[in-house]
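J.: Below you will find the structure I want to go over with you.
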Amino acid sequence: MSFPILSLLILTPLIGALTISLSSSAQLNNKTIFISGLWITTGEFLLSLLLPIFYDQKINGYQFKEFHTWFDKFDINYYLGVDGISIPLILLTTFLVPICLLCSFNSIKSRVKEFVIYFLLLESFIIGVFVSIDLVIFYVFFEAVLIPMFLIIGIWGGENRMYATFKFFLYTLAGSVLMLLAIVYIISVTNTGNIEIISNFEFGNQIELILFLCFFASFAVKVPMFPFHTWLPDAHVQAPTGGSVILAGVLLKLGGYGFMRLSIPFFDFASVYFQPLIFSLSCIAIVYTSIVALRQEDMKKMIAYSSVAHMGFVTIGIFTLTQDGMNGAYFQMISHGIVSAALFLIVGVVYERHHTRMISDYSGVTNIMPRYSFFFMIFMLASVGLPGTSGFVGEFLVILSTISVSVYLTIFTAIGVVLGAAYMLLLYKNVNFGDVKSDIKMLSDLNRIELFYFTCLATLTLLLGVYPKLLFKMIDQSIAIGIL
């Protein structure tokens, strides 16, 4: 395509945010602002559908390229392109952002204009990360994502939002400073910011180890890996429902994407050298955070800890450096983006009605909210990896790939699956079954908006579980090139 679709995907939310910001409050009431945001983000989603339609799976490397010279001296340019690894994550982003606005329609009452603007900015910056082929452009968008997310949690979060926000900000910033230093060194040595050229550059084994750790510091916080995970439960608990959805659905995937796009292609020797460290941290994350999740009394915090465990499968799969492992890890990222987003929406539904997230405050919900319990069951089963759901495919491939690495690694990942089933089944049982508590008897079942987005999420969950080739046929070749 000669049409600059990638620039348009970045600019559409930015232009929308600018248009809304320039409109006076007298012209736009809260409902109009939300509807405007929905029109913009829905148009963005429809535009992003052109990528898989026109993407040629027979061609190796990046497609839809756009190039404009920026800093000619250092060969740093506005250079965009996508491949099979980028496109599904772009689609996931454009799919979830309208849902974030829909679920916030009734819960966000103050500063609605700013809320919608920040989500549009966030969408633009996330897409910028996934389409960048220049290392500096990648870094700019990667860091810019932090700003609107910081504001979303800090303004519309819970009682302890400032603590959670600054913890989130400081963790991610600390890791990113090290990555910036590594980027400066790489550009000074290679005289280019072009990711394609840097991937073929030989840094030397000792330098590779240091550079890998600098990138690792940033990506490990974003995933998040143990012991860099402690910001995540606080951020999730304090964030509004829409913030939790985009945080779990997309922002956690930036770390996994960074490992696949930059760390492994740039530093092949270091990726093999640090395999035991990453496997150890991932196994600890899977087992430890699953046990912690079992003891949680807050539904949102339990799902937040489960996200750390599920992302542990992603890092294990990526660093097996095998086709099956990386396919499984990538599938797990997409699946987790859908299922975890849905689970946070599940919590948001009852929180808006009953204003509590404590598991002990609910019982027998299935008797008064049968449609809610039905969707809860689908996403719970997908989270535990039931065959026929998207959660099964990624976990199965990751476990399968660990057999060639270490039997002990296989055992730890299998234990994580069992523990994951334990806490999710326990959560579902305590909330949905038993006698109906008197103070929740008047709760209403899902409304039309909620039914709509839960149906969309459930359809995707089951479709990818039954027909995983839908995703594999797009990512197979790009992942194989990344490994080589």
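The values are calculated or read from the model by the stated rules, or taken from the named source; none is laboratory data. Because the structure is a prediction, the values reported are computed rather than measured. Quick reminder, even Gly has a Cβ in these numbers, built from the backbone with ideal geometry, and neighbours come from all protein chains shown. Accessible surface areas use protein heavy atoms only, side chains included; no ligands, DNA or RNA. Shrake-Rupley method; radii C 1.70, N 1.55, O 1.52, S 1.80 Å.
J.: Quickly run through the range 392-413 and pick out the residues that are among the hydroxyl-bearing types (Ser, Thr, Tyr) and in a helix (DSSP H, G or I).
T.: 401, 402, 408, 410, 413
J.: Same structure again: For the range 42-57, give me each residue that is touching a residue at least 24 places away in the same chain (Cβ under 8 Å) and not acidic (Asp, Glu).
T.: Within the range 42-57, 42, 43, 45, 47, 48, 49, 50, 51, 52, 54, 55, 57 qualify.
J.: Residue 39 is checked against (1) open to solvent by 40 Å² or more (accessible area, probe 1.4 Å); (2) among the aromatic types (Phe, Trp, Tyr); (3) touching a residue at least 24 places away in the same chain (Cβ under 8 Å) and fails just one. What number does that condition carry?
T.: The single condition residue 39 does not satisfy is (3).
J.: When you scan the range 404-419, do you find a residue that is out of contact with any His (no Cβ under 8 Å at 6 or more places or on another chain), aliphatic (A, V, I, L, M) and within 19 Å of residue 99 (Cα to Cα), even just one?
T.: Within the range 404-419 (the criterion being out of contact with any His (no Cβ under 8 Å at 6 or more places or on another chain), aliphatic (A, V, I, L, M) and within 19 Å of residue 99 (Cα to Cα)), the answer is no, since none of the residues qualifies.
J.: Related question: Does residue 421 meet the test of being in contact (Cβ under 8 Å) with a residue 60 or more places away in the chain, open to solvent by less than 30 Å² (accessible area, probe 1.4 Å) and more than 22 Å from residue 367 (Cβ to Cβ)?
T.: When the stated conditions are applied, residue 421 does not pass them.
J.: Of the residues that make up the range 68-88, is at least one of a type in the set (Val, Ile, Thr) and under 17 Å from the mean Cα position of the chain (by Cα)?
T.: Among the residues of the range 68-88, at least one is of a type in the set (Val, Ile, Thr) and under 17 Å from the mean Cα position of the chain (by Cα), which makes the answer yes.
J.: Another question, then. Within the range 286-306, does at least one residue satisfy the condition of being more than 30 Å from residue 429 (Cβ to Cβ), out of contact with any helix residue (DSSP H, G or I) (no Cβ under 7 Å at 6 or more places or on another chain) and open to solvent by 30 Å² or more (accessible area, probe 1.4 Å)?
T.: Here is the first cut: in the range 286-306, the residues more than 30 Å from residue 429 (Cβ to Cβ) are none.
No: zero hits.
J.: Can you tell me which residues in the range 84-130 are in a loop (DSSP other than H, G, I, E, B) and acidic (Asp, Glu)?
T.: none
J.: Would you confirm whether or not the range 131-154 contains a residue that is out of contact with any helix residue (DSSP H, G or I) (no Cβ under 7 Å at 6 or more places or on another chain), free of Cβ contacts under 8 Å to residues at least 24 places away in the same chain, in a helix (DSSP H, G or I) and of a type in the set (A, V, I, L, M)?
T.: yes
J.: If I filter the range 268-303 down to residues being part of a loop (DSSP other than H, G, I, E, B) and modelled with pLDDT under 90, which single residue comes out as farthest from residue 200 (Cα to Cα)?
T.: Ranking the qualifying residues of the range 268-303, first place goes to 297.
J.: Failed condition for residue 429, given (1) in a helix (DSSP H, G or I); (2) open to solvent by less than 80 Å² (accessible area, probe 1.4 Å); (3) within 22 Å of residue 361 (Cα to Cα), with all others met?
T.: Of everything listed in (1) in a helix (DSSP H, G or I); (2) open to solvent by less than 80 Å² (accessible area, probe 1.4 Å); (3) within 22 Å of residue 361 (Cα to Cα), residue 429 misses just condition (2).
J.: Look through 392, 331, 374 and report the one residue that is within 24 Å of residue 466 (Cβ to Cβ), among the hydrophobic types (A, V, I, L, M, F, W, C), modelled with pLDDT of 90 or more and crowded, with 24+ Cβ neighbours inside 10 Å.
T.: It is 331.
J.: When the range 95-119 is examined, which residues are found to be farther than 17 Å from residue 346 by Cα and either within 18 Å of the chain's Cα centre (by Cα) or among the charged types (D, E, K, R) (or both)?
T.: Selection gives 95, 109, 111, 113, 114, 118, 119.
J.: Right, something else. Name the pairs: first residue in the range 1-21 and more than 14 Å from residue 97 (Cβ to Cβ), second residue basic (Lys, Arg) and open to solvent by 10 Å² or more (accessible area, probe 1.4 Å), Cβ to Cβ under 7 Å, at least 6 apart or on different chains?
T.: Here the result reads 20/113, each pair linking the range 1-21 to a residue that is basic (Lys, Arg) and open to solvent by 10 Å² or more (accessible area, probe 1.4 Å).
J.: Give me the helices (runs of 4 or more DSSP H) completely within the range 185-250, filtered to those with at least 3 residues that are open to solvent by 10 Å² or more (accessible area, probe 1.4 Å) and within 22 Å of residue 96 (Cα to Cα), ordered by residue number. Don't jump to the end; show me each part of the working.
T.: Numbers: elements: 195-198, 205-222, 231-238, 241-246.
Where helices (runs of 4 or more DSSP H) fall fully within the range 185-250 and carry at least 3 residues being open to solvent by 10 Å² or more (accessible area, probe 1.4 Å) and within 22 Å of residue 96 (Cα to Cα), they are 231-238.
J.: Looking at the range 354-371, which of the residues that are polar (S, T, N, Q) and not in a loop (DSSP other than H, G, I, E, B) is nearest to residue 466 (Cα to Cα)?
T.: As a first pass, look at the range 354-371 and keep what is polar (S, T, N, Q): 356, 360, 363, 366-367.
Adding the requirement that they be not in a loop (DSSP other than H, G, I, E, B) leaves 360, 366-367.
Details: 360: 35, 366: 27, 367: 30 Å.
Across the range 354-371, the extreme among qualifying residues is 366.
Here's the yes/no breakdown for (1) modelled with pLDDT of 90 or more; (2) closer than 27 Å to residue 349 by Cα:
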| residue | (1), (2) |
| --- | --- |
| 441 | no, yes |
| 461 | yes, yes |
| 468 | yes, no |
| 480 | no, no |
| 484 | no, no |
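J.: Being open to solvent by 60 Å² or more (accessible area, probe 1.4 Å) and within 24 Å of residue 104 (Cα to Cα) is the filter here; which residues of the range 450-484 pass it?
T.: The answer is 452, 455, 459.
J.: Could you please let me know if residue 340 is among the small types (Gly, Ala, Ser) and part of a loop (DSSP other than H, G, I, E, B)?
T.: Considered against the rule, which asks whether it is among the small types (Gly, Ala, Ser) and part of a loop (DSSP other than H, G, I, E, B), residue 340 comes out as no.
J.: Taking the residues in the range 18-28 that are surrounded by 12 or more Cβ atoms within 10 Å (Cβ to Cβ) and out of contact with any helix residue (DSSP H, G or I) (no Cβ under 6 Å at 6 or more places or on another chain) as candidates, determine which candidate is modelled with the highest pLDDT.
T.: 18
J.: Any residue at all in the range 103-121 that's open to solvent by 20 Å² or more (accessible area, probe 1.4 Å), more than 25 Å from residue 192 (Cβ to Cβ), out of contact with any Phe, Trp or Tyr (no Cβ under 7 Å at 6 or more places or on another chain) and of a type in the set (Val, Ile, Thr)?
T.: Yes, the conditions are met somewhere in the range 103-121.
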